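Notes to accompany the following structure.
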C-alpha cells in the first residue's frame with residue numbers, strides 16, 4: 001500500500017497568516033469574508049467580518065429617493081431625533097404602537 005501525503009500548498013499556508021487575510025481584505029473584500037467564514041475559528045476571522053460590515057455600510061449609496069433604503073434611512077433619522085428611550089421603543093413595539101409585533105422591522109423600516 002502506498003502512503004498518501006496530504007501537504008498543504010504554500011499559498012494556502014500564506015493565507016492562514018492574519019496579515020495576509022487583512023491584505024486580502026484590501027484587495028478583494030467580499031472574498032475575504034468568504035475566507036473568514038470558512039476559517040471561522042481563526043482569531044482574525046471576526047475582525048474581517050467587522051471590517052466588511054463597516055465597509056459595506058459606508059459604501060451603501062441611496063441613488064434614488066424612491067428606494068426602500070431611503071425610507072429606512074428616513075425612519076432611522078426620525079428615531080434618532082425622537083426623544084424616546086431604548087426601553088420605551090421596545091415597549092411601543094410590544095404594544096403595537098410602532099409595528100405589529102415585529103421587533104426589527106421598525107428599526108429597519
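So that you can scan it fast, the table gives a plain yes or no per residue for (1) within 30 Å of residue 18 (Cβ to Cβ); (2) touching a helix residue (DSSP H, G or I) at 6+ places or on another chain (Cβ under 6 Å); (3) at pLDDT below 75; (4) outside the structural domain of residue 28 (by TED's automatic domain parsing):
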site: 44; (1), (2), (3), (4): yes, yes, no, no
site: 48; (1), (2), (3), (4): yes, yes, no, no
site: 63; (1), (2), (3), (4): no, no, yes, yes
site: 74; (1), (2), (3), (4): no, no, no, yes
site: 78; (1), (2), (3), (4): no, no, no, yes
site: 86; (1), (2), (3), (4): no, no, no, yes
site: 91; (1), (2), (3), (4): no, no, no, yes
site: 100; (1), (2), (3), (4): no, no, yes, yes
Any residue in the stretch 74-92 that's farther than 29 Å from residue 61 by Cβ: show its pairings with residues that are exposed (fewer than 14 other Cβ atoms within 10 Å of the Cβ) at Cβ separation under 9 Å, as long as the two are six or more apart or on different chains. 90/103; 91/97; 92/84
Within the stretch 27-39, can you find the residues that are modelled with pLDDT under 90 and exposed (fewer than 11 other Cβ atoms within 10 Å of the Cβ)? 38
Given (1) at pLDDT 80 or above; (2) surrounded by 10 or more Cβ atoms within 10 Å (Cβ to Cβ); (3) in a helix (DSSP H, G or I), number of the condition residue 57 does not satisfy: (2)
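The values are calculated or read from the model by the stated rules, or taken from the named source; none is laboratory data. Note that the coordinates shown come from a computational prediction; the quantities given were computed from them, not determined experimentally. All Cβ positions, even for glycine, are placed from backbone atoms using ideal geometry, and neighbour counts span all protein chains on display.
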